[in-house]
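Quick one: the structure is below, and I'll ask about it shortly.
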2 protein chains.
Amino acid sequence: MIMKENLTDMIKNMLEGDTVAIARLITLAENEDPKAKETTKEIYKHVGKAHIIGITGVPGAGKSTLTGKLAKAYRNINKTVGIIAIDPTSPFTGGALLGDRIRMQELTGDKGIFIRSMGTRGGTGGLAIATNDVINILDASKKDVIIVETIGTGQDEIDIKKYVHTLIVVTMPGGGDAIQSVKAGILEVGEIFVINKADHAEAQRAVADIDFMLQLKKDSGNGCGWKEPIVATIATENKGIDELLQRIEEHGQYLINSGQINTKRAERTKSELLDIINRQVAKAVNKAIGKGGERHDIIEKMVLTSEIDPYTAADMVIKHLLQTGKDVINVND
Amino acid sequence: MIMKENLTDMIKNMLEGDTVAIARLITLAENEDPKAKETTKEIYKHVGKAHIIGITGVPGAGKSTLTGKLAKAYRNINKTVGIIAIDPTSPFTGGALLGDRIRMQELTGDKGIFIRSMGTRGGTGGLAIATNDVINILDASKKDVIIVETIGTGQDEIDIKKYVHTLIVVTMPGGGDAIQSVKAGILEVGEIFVINKADHAEAQRAVADIDFMLQLKKDSGNGCGWKEPIVATIATENKGIDELLQRIEEHGQYLINSGQINTKRAERTKSELLDIINRQVAKAVNKAIGKGGERHDIIEKMVLTSEIDPYTAADMVIKHLLQTGKDVINVND
């Protein structure tokens, strides 16, 4: 295990941008090591400066390549970049994702950039908490821009909005309807739309599809002052990347000028808090109702006899947790 | 609002399979009406008889058509069927999904079948609780088979395993790799695999892909006695549906013979309980930290000054909830 002295040193080095220290602190966060909690407590006063960008969209649209080129473009204007690539943990797609990561490796060797691939572990809370902690670490390590890229499948898509200031939705031409291929619920919340692989024959139709959708959205009264741009890119050829960067910067400026950045920060903070609380409560509940847990009898009665219904059982478990309240706060697994 | 007398009548009628009563009780559940809680309490002793089947997989693979044909096949052997089709709520894809539903309408007019489309509302807990409640209602209304079909996007994919006894993963040939197109994490948990649109030229390759993946899974020691079958179907032409039904019945029999049905029921019950508890706690937390909430100051301090870190804030909110404990149990929004 890591000693207290070492943690203090690591945090100090991380705050100065040391890559090894950043990597080790992220590992602690990923493993939900108690030291991660301590780290967040220590560094929280240093967070809040980075522009957090989310990249999501259709699988196969070239998000990883786009992320890599965008990071390079940011380095060209001398901004430091942290990248969190969220991969659903799967033994069967592991190879393909690794390929994507390798494409981004050409970026490394530059100390102004930090890339980390994170697994989702198939869980809900686990990803959420680690993602927030990792964003905080990169933020505190003085990265100007943090890019959170999701692989385009799984629940992260729905959640990513909560973590970022500027959400980019990437789609591509072909394969039928550019809109339908994007995960439902994401289109409505995108702030910048990218049609990648724009050299494809149907690129113009894809732009028109998104444009039509944005028109519908505006008509339904969801407009909020920001006119979502549509950017055509060919990431592999580095085309459209500078325009995309410009749109991102414009959105960042818009958030500051309109004061919406504070709303975004408040939302992120609130969901971060809720994630932590939910996780702690879930651990306490699991402890109570899991095999060998204090209220395991409830589950047995529910399952074997249908004697107790789930709502009554929920009240029983919550009452139990309230009585043994400290368990909810100090749960280590 | 619905009076107590009416709820009792409705439940009585629902238990006898009355379609109008089923529909009205489901609406109460979807709206998280307090009457839904009462309904679950009343009917819980009648649940636990249905075979719950999940259908998930690639968008566009023809899951809705397959679900419709499968339901018909079950009607042919005189089993009653309840269908829950989970649609992510989206104003932009609404039309397409409606089309899918209309295709299933040919089934209605038969009292042995009940079809309901449910929106996810973009939330986490909301879907979970309503889905469990709706499954319970259909189960209590004496449906022999309940099919939960997800639209192939969003978080339901990750969660569906928790709700069902037999999980069917549907994919289709073409579009490159049949495996990669399926959401990561789902392949590992599928119990029956369907290659729909099997008249496509690349159908054989898709079967081989899935077969290879299952081989890998077995080699990595995840085998648990059930050899996952791969069924080729052409749902639009009703081909392969009887074989699929047979495989589902075999899996149902396997669960009973191996005793695994009890494990499945225990898992579902536990996650049902956890969903309810998480929701109640989240409501209490939101009440405490939301605008106008008792601990709203915490959020403000976190956001504006970084004075409090999220882990410390979480402890503060949980302590507050423990002190005002009854709020966690009796939260109505």
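The values are calculated or read from the model by the stated rules, or taken from the named source; none is laboratory data. All figures in this text were calculated on a predicted structure; none of them were measured in a lab. In this analysis, Cβ positions are derived from the backbone assuming ideal geometry, glycine residues included, and neighbour counts consider all displayed protein chains.
Name the residue that is surrounded by the fewest Cβ atoms within 10 Å (Cβ to Cβ), counting only residues in the stretch B:23-38 that are under 19 Å from the mean Cα position of the chain (by Cα) and within 13 Å of another protein chain (Cβ to nearest Cβ).
If we take residues in the stretch B:23-38 being under 19 Å from the mean Cα position of the chain (by Cα) and within 13 Å of another protein chain (Cβ to nearest Cβ), then B:Glu32 is surrounded by the fewest Cβ atoms within 10 Å (Cβ to Cβ).
Next question. So, in the stretch B:159-189, exactly how many residues are within 17 Å of the chain's Cα centre (by Cα), modelled with pLDDT under 85 and outside any helix (DSSP H, G or I)?
3
Which condition does B:Val20 not pass, out of (1) surrounded by fewer than 21 Cβ atoms within 10 Å (Cβ to Cβ); (2) more than 15 Å from B:Arg116 (Cα to Cα), if it passes all the others?
(2)
Moving on. Check B:Gln246 against each of (1) touching a Leu at 6+ places or on another chain (Cβ under 9 Å); (2) surrounded by fewer than 16 Cβ atoms within 10 Å (Cβ to Cβ) and name the one condition it does not meet.
Checking B:Gln246 against (1) touching a Leu at 6+ places or on another chain (Cβ under 9 Å); (2) surrounded by fewer than 16 Cβ atoms within 10 Å (Cβ to Cβ), the one that fails is (1).
Suppose the filter is surrounded by 15 or more Cβ atoms within 10 Å (Cβ to Cβ), outside the structural domain of B:Ala130 (by TED's automatic domain parsing) and within 20 Å of A:Thr39 (Cα to Cα); does B:Ala282 pass it?
When the stated conditions are applied, B:Ala282 does not pass them.
State whether one or more residues within the stretch B:299-314 are modelled with pLDDT of 80 or more, assigned to a helix (DSSP H, G or I) and more than 7 Å from chain A (Cβ to nearest Cβ).
no
Where the second residue is in a strand (DSSP E or B) and among the aromatic types (Phe, Trp, Tyr) and the first is more than 19 Å from B:Glu249 (Cα to Cα) and in the same structural domain as B:Ile248 (by TED's automatic domain parsing) and lies in the stretch B:58-84, which pairs have Cβ atoms under 8 Å and are six or more apart or on separate chains?
As it stands, the answer is none, since no pair meets every condition given.
If you take the residues of the stretch A:40-78 that are within 14 Å of chain B (Cβ to nearest Cβ) and more than 19 Å from the chain's Cα centre (by Cα), which of them is farthest from A:Tyr163 (Cα to Cα)?
A:Glu42
In addition: For the stretch A:294-321, give me each residue that is farther than 28 Å from B:Lys49 by Cβ and crowded, with 17+ Cβ neighbours inside 10 Å.
Scanning the stretch A:294-321 gives A:Ile318, A:His320, A:Leu321.
Sticking with this structure for a sec: Cβ contacts < 9 Å: first residue more than 10 Å from chain A (Cβ to nearest Cβ), restricted to the stretch B:278-297; second residue of a type in the set (Ser, Thr, Tyr), any location; separation 6+ or different chain. Result?
What qualifies is B:Glu294/B:Thr324.
Also, quick follow-up: If you check A:Asp275 against the conditions, is it in contact with an Asp or Glu (Cβ under 8 Å, 6 or more places away or on another chain) and within 14 Å of another protein chain (Cβ to nearest Cβ)?
no
Give, as residue ranges, the helices (runs of 4 or more DSSP H) completely inside the stretch B:1-59 that count at least 3 residues that are over 20 Å from B:Lys142 (Cα atoms).
Counting at least 3 such residues, we get B:4-15.
Restricting attention to the stretch A:236-272, and to residues there that are touching a residue at least 60 places away in the same chain (Cβ under 8 Å) and of a type in the set (Ser, Thr, Tyr), which single residue is nearest to the other protein chains (Cβ to nearest Cβ)?
The qualifying residue nearest to the other protein chains (Cβ to nearest Cβ) is A:Ser271.
Okay, moving on. Which pairs have Cβ atoms under 7 Å, sit 6 or more apart or on different chains, and link a residue in the stretch A:21-46 that is farther than 15 Å from A:Gly82 by Cα to one that is of a type in the set (D, E, K, R)?
From the stretch A:21-46, the pairs are A:Leu28/A:Lys35; A:Ala29/A:Asp133; A:Ala36/A:Asp133; A:Thr40/A:Asp133; A:Thr40/B:Asp309; A:Lys41/B:Asp309; A:Tyr44/B:Asp309.
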